Amino acid sequence: MADTNEELANLNNNARLLLEKYDGVFAQLDEQSKQALIDIANKSDEGLQVIQTLLDNGSVAEAENALKLGGKTLDEITGTVIQIYHYKTNVRTELSSAQETSDDLTANSGVKWISFPFTPKRSDSKLILISNIISLAEDSNGSDSQFALAKYDDTLIGVAMATVGHTAYKDSMNASFSAFNHSFLSWGADEKEIEIRVGQRGDNKLYVNTPTVYTDQYQNFFEIGFTIMEVSNA
């Protein structure tokens, strides 16, 4: 592409290195692709490193693919899935009380139901917590606003509360059928516990992932799944 010392002198160090070191590989590319690779290298040393790694392996096709990624590795592209983690439980709980009187729910509202570990691969990624439906119900008219929430440490990830009000149910009892679909930023690359907490307005019994009657039926099929998807947030 640049055949004279004068042309090389007009390029920065990254572009000059590419042209001098990879002359044979560059000969296989058209002028537009050559210039695109040089532009990526010129933008940053990281871009240069990606192009060099590909060209060192003699992979012209992969080098051309790098043009589409802007010189980034795949997991640096916003929205790229980095990992998917799945946890499932069939824990069925009858709580004698899970009262929460505050109108402002925090990470420590309610009581702990379950928890599971998760370790992000990157500190700058976005995490998405998804679950199927969790049933929360009372068996006497004493509470309202059943909820589930997710947290790590003292950070609230999200609250799931799908209650329609006591007038929709027999004898003014209440229930909620809640699910998570919440995104939050990675806390780093160390392992933490994701804790699921539950609660309600009153102090009577709260049934979590279990019916208020006929509790002996289908013992092994009250399965709740939690998925955490880690995606690039670059």
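Every read-out reported here was derived from the displayed coordinates using simple, explicitly stated rules and does not represent laboratory data. Predicted, not measured: the structure shown is a model, and the values here were computed from it. Using ideal geometry, Cβ is built from the backbone for each residue, glycine included, and neighbour counts are taken over all protein chains shown.
In terms of packing, defined here as the mean over residues of other Cβ atoms within 10 angstrom, the peptides 200-211, 173-184 line up highest first as 200-211, 173-184. For GluC sites (Glu not before Pro), the sites in region 114-221 that DSSP calls loop and that have at most 15 other Cβ atoms within 10 Å are GLU191. Here region 81-231 is assigned +1 on the Cβ of each Lys and Arg and -1 on the Cβ of each Asp and Glu. Its dipole about the Cα centre then comes out at about 380 debye. Since only TYR207, ASN220, THR93 are under comparison, the one whose Cα sits farthest along the positive direction of the charge dipole of region 81-231, derived from C-beta charges on Lys, Arg, Asp and Glu, is ASN220.
Of the trypsin sites (Lys or Arg not before Pro) in region 69-162, the ones in a loop by DSSP (not H, G, I, E or B) with at most 14 other beta carbons within 10 Å are LYS121.
Candidate cross-link partners of LYS34 among the lysines, defined by an alpha-carbon separation under 18 Å and a same-chain spacing of 8 or more, comprise LYS21, LYS43, LYS68, LYS72.
Subtracting the Cα-Cα distance of TYR218 and ASN132 from 0.36 nm times their residue separation leaves 29.2 nm of extension gain. Counting Lys and Arg as +1 and Asp and Glu as -1, what is the net charge of the other residues whose Cβ lies under 13 Å from the Cβ of PHE180? Neighbour charge sum, excluding PHE180 itself: +1.
Evaluated over region 81-231, the count of Lys pairs having alpha-carbon atoms less than 29 Å apart is 19 (only pairs 8 or more residues apart or interchain).
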